[in-house]
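**Student:** Take a look at the following structure, please.
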Amino acid sequence: ITTAVVGLAVFFNLFVILGAYLLSALTDMNVQTHTFFNRVADAIRWPDLILLYLKANFFGLIISGVCCYHGLAIRRPGHDLYGMARSGMMNAFLGIFLVDIVFVFVYFYIH
């Protein structure tokens, strides 16, 4: 799950850059391809990429760890499966939210 979250984060960020280029090309902004990608490359810094990778890893670890914990905490098979799944999902969202707040503070401290 952690590897999938990291892969999806990289995949979605690449598609955001490609989508921004297509939007600029379709709206006649007269931006050359090499100029656009050079400016994107200049705007992306190594600390941003490192934080992206770390953040995706932490999110994947939180999702997999919390959901596995709640899934394995069921005493009888089929008993309260819905409640434990809901509890695991909500706790994972809470953990992601709290870790995201920490990463926002780290990001603003770096910049």
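The values are calculated or read from the model by the stated rules, or taken from the named source; none is laboratory data. Only a predicted model underlies this, so the values are computations on that prediction, with no experimental measurement involved. Quick reminder, even Gly has a Cβ in these numbers, built from the backbone with ideal geometry, and neighbours come from all protein chains shown. What goes into the accessible areas is simple: the full protein's heavy atoms, side chains included, and nothing from ligands, DNA or RNA. Shrake-Rupley method; radii C 1.70, N 1.55, O 1.52, S 1.80 Å.
**Student:** Given a 1.4 angstrom probe, I'd like the percentage of the accessible area of the chain that is carbon and sulfur, rounded to a whole number.
**Tutor:** Carbon and sulfur together cover 73 percent of it.
**Student:** Under a crude label model (7 Å from the Cα following the beta-carbon direction), how far is Phe11 from Val102 in nanometres?
**Tutor:** Reported label-point gap for Phe11 and Val102 is 2.7 nm.
**Student:** From the backbone phi of the stretch 97-111, what are the Karplus-calculated ³J(HN,Hα) couplings (6.51 cos²θ - 1.76 cosθ + 1.60, θ = phi - 60°) in whole Hz, Gly and Pro given as x?
**Tutor:** For the stretch 97-111, the Karplus-derived couplings read 4, 5, 5, 5, 4, 4, 5, 5, 5, 5, 4, 6, 5, 5, 8 Hz, x marking Gly and Pro.
**Student:** Consider the candidate values (1) 6.5; (2) 6.0; (3) 9.2; state which one is mean projected area of the Cα convex hull in nm² computed from the structure displayed.
**Tutor:** (3)
**Student:** Return one whole number: the accessible area per residue of the chain in Å², for a 1.4 Å probe. Numbers along the way, then the final one.
**Tutor:** Details: 8530 Å² over 111 residues.
With the other protein chains kept in place, the chain gives 77 Å² per residue.
**Student:** Residue by residue through the stretch 84-91, what is 3J(HN,Hα) from phi via Karplus (6.51 cos²θ - 1.76 cosθ + 1.60, θ = phi - 60°)? Round to whole Hz and write x for glycine and proline.
**Tutor:** These are the phi-based 3J(HN,Hα) values: 5, 5, 5, 5, x, 5, 5, 5 Hz.
**Student:** Looking at the chain as a GNM with Cα springs under 10 Å, which of Gly19, Gly60, Gly88 has the largest mean-square fluctuation?
**Tutor:** Checking each option, the largest mean-square fluctuation is seen for Gly19.
**Student:** What does the C-alpha gyration tensor say about the overall shape of the stretch 54-111? Classify as rounded when a/c is under 1.5, otherwise prolate if a/b is larger than b/c, or oblate. Let's see the in-between values first.
**Tutor:** Numbers: a/c = 5.49, a/b = 3.19, b/c = 1.72.
Taking the square roots of the gyration eigenvalues as a ≥ b ≥ c, the stretch 54-111 is prolate.
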